[in-house]
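Student: The structure is given below, and queries will be raised subsequently.
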Amino acid sequence: MNVALLATAPKAVWYLTRGTGVVSLVLLTGSVVLGVTTSARWATARWPRFVVEGLHRNLSLVSTVFLAIHIVTAVADGYVPIRWLDVVVPFGSAYQPLWLGLGAVAVDLLVAVIVTSLLRVRIGQRVWRAVHWLAYACWPVAAVHGLGVGSDNAQTWMLAVDIAATAAVLAAVWWRLSVATAPARRHSPALEAVR
C-alpha cells in the first residue's frame, strides 16, 4: 500500500465530511423551499404541480443520501470522538455537545418526517401533515448545527452559502404566508378571458 495514500486518507474523509455537510444544507434548503411551494399548491404551465412535488420528493431523497454520507464519514473519521449514539441522542457527545446535539435533533426530526412520509398511506393525511411540519423546525436546527460545528463557518464562501440558504427559506416562508393570508381569488372562465 502506498504510504502517501494512507497519509491522505484521513484528510480525504475529513473533506468528504465537510463537503457532504455543505451539500446537505444546500439540498435540504432546496427541499424546504419546494415543500413550501408545494404546500401552497403552486404551479405554472411550465412547472405543473406533479413536477414540483416530484422534484421536492427527489431532492429530499438526495439530501438524505448526502446527509447519511456526512454522518457516516463524521463518525468513521475518528479525529474527534463522535459515537453512533451521538447521531441520534442529542447533547451527550464528548465533542461539542451543543452543536452536535443540534445535529442530532435535526436528524431525529428528519427521520420522523421521512418515516411518516413512507407510511403516509397507512397513517393518513392528517397525521402525516402534522409530523411533516417538523421540517420547518429541522432546517434551522440543521443550519445552526453547521454554523456551530462546521470547520468552514468563518469562511466567506460558507457564510455566503448560509446567507443564501437562509434568505431562500425565509423568502419561501414569507411568500407562503402572504399567499395564505391573501384574499381568495375566484377563478372563472370570464375572469381568465379578461386576463
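The values are calculated or read from the model by the stated rules, or taken from the named source; none is laboratory data. Keep in mind the model is a prediction, meaning the values are calculated, not measured. All Cβ positions, glycine included, derive from the backbone under ideal geometry; neighbour counts span all protein chains shown. Just the protein is used for accessible areas: all its heavy atoms, side chains included, with ligands, DNA and RNA removed. Shrake-Rupley method; radii C 1.70, N 1.55, O 1.52, S 1.80 Å.
Student: Cβ contacts < 7 Å: first residue under 19 Å from LYS11 (Cα atoms), restricted to segment 75-104; second residue among the aliphatic types (A, V, I, L, M) and open to solvent by 60 Å² or more (accessible area, probe 1.4 Å), any location; separation 6+ or different chain. Result?
Tutor: So the pair list comes out as PRO81/ALA94.
Student: Would a scan of segment 37-58 turn up a residue that is of a type outside the set (S, T, N, Q), open to solvent by 40 Å² or more (accessible area, probe 1.4 Å) and at pLDDT 95 or above?
Tutor: Checked against the condition, which is being of a type outside the set (S, T, N, Q), open to solvent by 40 Å² or more (accessible area, probe 1.4 Å) and at pLDDT 95 or above, segment 37-58 yields no hits at all.
Student: Here's something else I'd like to know. Working carefully through the options ALA74, ALA68, ALA106, find the one that is within 23 Å of VAL26 (Cα to Cα) and in contact with a Ser or Thr (Cβ under 8 Å, 6 or more places away or on another chain).
Tutor: The match here is ALA74.
Student: Restricting attention to segment 16-34, does a residue exist that is basic (Lys, Arg), within 18 Å of the chain's Cα centre (by Cα) and either loosely packed, with under 13 Cβ neighbours inside 10 Å or under 30 Å from ARG176 (Cα atoms) (or both)?
Tutor: No, segment 16-34 contains no residue that is basic (Lys, Arg), within 18 Å of the chain's Cα centre (by Cα) and either loosely packed, with under 13 Cβ neighbours inside 10 Å or under 30 Å from ARG176 (Cα atoms) (or both).
Student: Quick one: which of ALA112, ALA168, ALA172, ALA164 is touching a helix residue (DSSP H, G or I) at 6+ places or on another chain (Cβ under 6 Å), modelled with pLDDT of 95 or more and not basic (Lys, Arg)?
Tutor: After applying the criteria, what remains is ALA168.
Student: Can VAL105 be described as open to solvent by less than 70 Å² (accessible area, probe 1.4 Å) and in a helix (DSSP H, G or I)?
Tutor: Against the criterion (open to solvent by less than 70 Å² (accessible area, probe 1.4 Å) and in a helix (DSSP H, G or I)), VAL105 qualifies.
Student: Name the pairs: first residue in segment 21-50 and part of a loop (DSSP other than H, G, I, E, B), second residue open to solvent by 20 Å² or more (accessible area, probe 1.4 Å) and of a type in the set (Gly, Ala, Ser), Cβ to Cβ under 8 Å, at least 6 apart or on different chains?
Tutor: Every condition considered, the pairs that remain are ALA40/ALA180.
Student: What are the pairs, 6+ residues apart or on separate chains, where a residue within segment 112-130 that is touching a residue at least 24 places away in the same chain (Cβ under 8 Å) has its Cβ under 8 Å from a residue that is in a helix (DSSP H, G or I) and of a type in the set (A, V, I, L, M)?
Tutor: VAL113/VAL131; VAL113/LEU134; VAL113/ALA135
Student: Being part of a helix (DSSP H, G or I) and open to solvent by 70 Å² or more (accessible area, probe 1.4 Å) narrows it down to one residue among VAL111, VAL87, VAL75; which is it?
Tutor: Just one listed residue meets the conditions, VAL111.
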